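Q: Right, I'll just put the structure down here and ask away after.
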Amino acid sequence: MSMPALPEVRLGEKLQELGKQLREGEPKVEQFREAYDELRKLNRRLQELLQWAVEQRRDEKELNNLYCQVAGWNASDLVEHLKRTGFRLKQDRVLKEAFDRQGYRILELVRAGKRDEAFHAILRIFVSAKREFPAHLVEAFKPVYSDTLFRVFLFSFLSGILGKEQESE
C-alpha cells in the first residue's frame, strides 16, 4: 500500500502537466483551477504552521514578519470566503433575524475597530441561536491583521448576511 502524494508533490506535477498542455497548445481550464485550489490550500496550511511557530517563538521578529506577509497574501481569499458565508447564513431565518436586529450596532463596533466587542456581539448571536461559529470568521479577529483589514473582513461578512442582494455564482 503506497502513501498518498504530498500536496506540494501533486502541485508540482500539476504545474508540469500545465506546462505540457501549454507547449501542445491545449490548456485545460479545469486543471488550472485544480492547481490554483491546491496552491490556496498550501498557502493556508503554511499560514497555520507559521502561526504555530510564532506562538512558540514570539521574540523572533523575522518569523513574525513572514507570518504577517503570508497572512496578508491569504487575506483576499478570506474576504471572499466571509462574504459567501454571510450569504449562506442569510438563509438561516434565526440568524438572519438576529443579525437584522443587531447589525447596525455590530457595524458601528467594527467601524470603531472594537474587535473584542464585535466578536462578543457576533458570538452571542451564534450561541443564542445554538449555531456553530464559523471557524474562518475567527480568523478575521486575529491581531496579525491590521485594523483596516479587520474592517474589510467583517464588512464583507456583514454585507453578505445583511445585504439585500443574493450571491451569484
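Q: With respect to Ala140, determine if the residue is modelled with pLDDT of 95 or more and on the phi < 0 side of the Ramachandran plot.
A: Here the answer is no, as Ala140 does not meet what is asked.
Q: Please indicate, with yes or no, whether at least one residue in segment 88-100 is within 25 Å of Gln47 (Cβ to Cβ) and open to solvent by 60 Å² or more (accessible area, probe 1.4 Å).
A: Yes; the residues of segment 88-100 include at least one that is within 25 Å of Gln47 (Cβ to Cβ) and open to solvent by 60 Å² or more (accessible area, probe 1.4 Å).
Q: So, one more: Is it the case that Ala35 is among the small types (Gly, Ala, Ser), modelled with pLDDT of 90 or more and touching a helix residue (DSSP H, G or I) at 6+ places or on another chain (Cβ under 8 Å)?
A: On the way: among the small types (Gly, Ala, Ser): yes; modelled with pLDDT of 90 or more: no; touching a helix residue (DSSP H, G or I) at 6+ places or on another chain (Cβ under 8 Å): yes.
No, not satisfied.
Q: Then there is this: Which residues, counting only those in segment 64-87, are modelled with pLDDT of 85 or more, of a type in the set (A, V, I, L, M, F, W, C) and open to solvent by 40 Å² or more (accessible area, probe 1.4 Å)?
A: The answer is Leu66, and nothing else.
Q: Go through segment 110-147 and give me each residue that's open to solvent by less than 90 Å² (accessible area, probe 1.4 Å), assigned to a helix (DSSP H, G or I) and either in contact (Cβ under 8 Å) with a residue 40 or more places away in the chain or not hydrophobic (A, V, I, L, M, F, W, C) (or both).
A: Listed by number, the residues that qualify are Val110, Arg115, Ser128, His136, Leu137, Glu139, Ala140, Asp147.
Q: Going residue by residue through segment 150-159, is there one that turns out to be without any contact (Cβ under 8 Å) to a residue 24 or more places away in the chain and open to solvent by 70 Å² or more (accessible area, probe 1.4 Å)?
A: No - not one qualifying residue is present in segment 150-159.
The values are calculated or read from the model by the stated rules, or taken from the named source; none is laboratory data. What you are looking at is a predicted structure, and each value in this text was computed from that prediction instead of being measured. Using ideal geometry, Cβ is built from the backbone for each residue, glycine included, and neighbour counts are taken over all protein chains shown. The protein model used for the area step is the full one, side chains on, heavy atoms only, and it has no ligands, DNA or RNA in it. Shrake-Rupley method; radii C 1.70, N 1.55, O 1.52, S 1.80 Å.
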